[in-house]
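The values are calculated or read from the model by the stated rules, or taken from the named source; none is laboratory data. This one's a predicted model, so the numbers in the text were calculated from it and none came from an experiment. Counting neighbours? That spans all protein chains shown, and the Cβs are built from the backbone with ideal geometry, glycine included.
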Ligand code: IPM
Ligand code: MN
């Protein structure tokens, strides 16, 4: 298969981790006789610094032409505590999601057996956790009208959803549940929010199309509590944009490091793959950032194009690295493995996996 991949590695540790994914995708292409080409463009703070725009037209054009986008991270502390900043790096990512129509953000969360004691949560609580969060990504409060009064003492953000916006992401979540443990949990705040009541109504009406899926509902405050009390009760979670943002960071604690969590953002036409972590400015250039979230996002890219064996090979290699504690300091404080070391171990495993299987 020929794939033209647009690479937006962005800010902070984005380039370091994305480079490891490129290395892994290149190893996969060699092994399975595919041709993957990579073309880079700027996004985020680095794009603001160079062009004044967090999503320059050239970058958007690349994403519109490419078969898929591999995204690193964006953000720079110089914008975070400056409420007066007119342009922010995050606007680049939000504008890109909107422009590409990436309405579904898929975030798998799982507890790896060898990492059970890395999580601050107790082992018996997180054991066997295997969740996929379907987060709506182009609607809700993120994209509603914003206002700030002239005197700067009042502000508002509008949260709105349409039936169509809810249905298209809900169909994907129902289908995912069908291929898994057949349980779908809608997380909302239907006791307070009108938009949440619409979500419940629309999703409930769809349930008859998926009779094998058990649908239940949870208020987001309770869901946040359940996520740390009993996370293995969840199979597929469906939720709106902001709730999904928050509970997926919370859920990342289960895996032992946010540096493990991958995501795919999917629309009708385009797809983008990114780790859920941010640009981790304190770690930039130190070679300590965990590349696994980015590498697992690359595996989701392979899945997206039906390259299932290839994706499985990447996941096997990642699991081997984790089992052998070939991990960056977030997971192995004494191991001394760098971002590059972890990437190279995974690359070597992919290159030699057949020989390894013969030997075992
Ligand atoms: C994420 C990030 C983004 C979001 C930010 C960077 C705009 O936190 O992908 O989860 O809030 O969606
Ligand atoms: Mn987030």
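Could you check, for region 225-237, whether at least one of its residues is under 18 Å from the mean Cα position of the chain (by Cα), assigned to a strand (DSSP E or B) and within 13 Å of ligand 2 (Cβ to nearest atom)?
No: zero hits.
Looking only at region 233-243, decide whether some residue is closer than 13 Å to residue 135 by Cβ, crowded, with 23+ Cβ neighbours inside 10 Å, at pLDDT 95 or above and away from ligand 1 (no atom under 15 Å from the Cβ).
yes
Return the total of residues in region 208-224 being surrounded by fewer than 15 Cβ atoms within 10 Å (Cβ to Cβ) and assigned to a helix (DSSP H, G or I).
4
Which condition from (1) assigned by TED's automatic domain parsing to the domain that holds residue 315; (2) more than 15 Å from ligand 1 (Cβ to nearest atom); (3) out of contact with any helix residue (DSSP H, G or I) (no Cβ under 6 Å at 6 or more places or on another chain) is the one that residue 48 breaks?
So the condition that residue 48 fails would be (2).
Just give me the residues in region 334-352 being buried (at least 16 other Cβ atoms within 10 Å of the Cβ) and without any contact (Cβ under 8 Å) to a residue 60 or more places away in the chain, in sequence order.
Scanning region 334-352 gives 337, 338, 341, 345, 349.
Going by the structure shown, is residue 289 more than 14 Å from the chain's Cα centre (by Cα) and either within 16 Å of ligand 1 (Cβ to nearest atom) or in the same structural domain as residue 347 (by TED's automatic domain parsing) (or both)?
Yes, satisfied.
Take residues that are surrounded by fewer than 22 Cβ atoms within 10 Å (Cβ to Cβ), without any contact (Cβ under 8 Å) to a residue 12 or more places away in the chain and in contact with a strand residue (DSSP E or B) (Cβ under 7 Å, 6 or more places away or on another chain) and tell me which of the strands (runs of 3 or more DSSP E) falling wholly in region 119-195 contain 1 or more.
Here the list reads 146-148, 155-157.
Any idea which of (1) more than 16 Å from ligand 2 (Cβ to nearest atom); (2) buried (at least 19 other Cβ atoms within 10 Å of the Cβ); (3) in a loop (DSSP other than H, G, I, E, B) is the one residue 310 doesn't satisfy?
Checking residue 310 against (1) more than 16 Å from ligand 2 (Cβ to nearest atom); (2) buried (at least 19 other Cβ atoms within 10 Å of the Cβ); (3) in a loop (DSSP other than H, G, I, E, B), the one that fails is (3).
Report the residue count in region 55-75 for those that are more than 20 Å from the chain's Cα centre (by Cα) and part of a loop (DSSP other than H, G, I, E, B).
Summing the residues that are more than 20 Å from the chain's Cα centre (by Cα) and part of a loop (DSSP other than H, G, I, E, B) in region 55-75 gives 1.
With outside any helix (DSSP H, G or I) and touching a helix residue (DSSP H, G or I) at 6+ places or on another chain (Cβ under 9 Å) as the only criterion, which of 354, 330, 316 stands out?
Exactly one of 354, 330, 316 is outside any helix (DSSP H, G or I) and touching a helix residue (DSSP H, G or I) at 6+ places or on another chain (Cβ under 9 Å), namely 330.
Can residue 88 be described as under 21 Å from residue 266 (Cβ atoms), in contact (Cβ under 8 Å) with a residue 12 or more places away in the chain and buried (at least 18 other Cβ atoms within 10 Å of the Cβ)?
no
With 272, 308 as the choices, which residue is within 12 Å of ligand 1 (Cβ to nearest atom), assigned by TED's automatic domain parsing to the domain that holds residue 75 and on the phi < 0 side of the Ramachandran plot?
272
Which condition from (1) closer than 23 Å to residue 8 by Cβ; (2) modelled with pLDDT under 95 is the one that residue 107 breaks?
So residue 107 meets the others, but not (2).
Determine whether region 93-110 contains at least one residue that is surrounded by fewer than 18 Cβ atoms within 10 Å (Cβ to Cβ) and over 30 Å from residue 255 (Cβ atoms).
yes
Output the residues belonging to region 262-299 that are in a loop (DSSP other than H, G, I, E, B) and within 19 Å of residue 340 (Cβ to Cβ).
277, 279, 280, 284, 285, 286, 287, 288, 289, 290, 291
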